[in-house]
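The values are calculated or read from the model by the stated rules, or taken from the named source; none is laboratory data. Nothing here was measured: the structure is a model prediction, and the numbers come from that model. For neighbour counting, all protein chains shown are included, and Cβ atoms are generated from backbone atoms with ideal geometry for every residue, glycine included.
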């Protein structure tokens, strides 16, 4: 199954294409072949410091993706039985009348 590349990946690929086209037009490398990290930084249009950090992580086998943070929804916990019953009755009535049930429609009925 092919992997989906996000917009940042597209930008990096575009930078690589541009760099290699410049080398093609130059009929040779733009930077010395031995300057691997500098060439990588120039090709990807990123800082050499970033390349050095990634190379360090590769060497120590600690290369991983940044942790994604997920926003957790907070549940409403301070409803009394009257509120719960009222919301339930509204949902049953909307379901019986074949109306679309969503939070906004319940809120507008109050």
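On inspection, residue 40 fails the criterion of being modelled with pLDDT of 85 or more and not in a helix (DSSP H, G or I). Taking the criterion of being under 30 Å from residue 35 (Cα atoms) and at pLDDT below 75, the residues of the range 51-110 that qualify are 65, 66. Residues that are in contact with a helix residue (DSSP H, G or I) (Cβ under 6 Å, 6 or more places away or on another chain), part of a loop (DSSP other than H, G, I, E, B) and surrounded by 10 or more Cβ atoms within 10 Å (Cβ to Cβ) do not occur anywhere in the range 89-100.
For residue 17, the conditions (1) assigned to a loop (DSSP other than H, G, I, E, B); (2) surrounded by 10 or more Cβ atoms within 10 Å (Cβ to Cβ); (3) free of Cβ contacts under 8 Å to residues at least 12 places away in the same chain all hold with the exception of (1). Within the range 43-58, the set of residues being in a loop (DSSP other than H, G, I, E, B) and surrounded by 13 or more Cβ atoms within 10 Å (Cβ to Cβ) comprises 45, 46.
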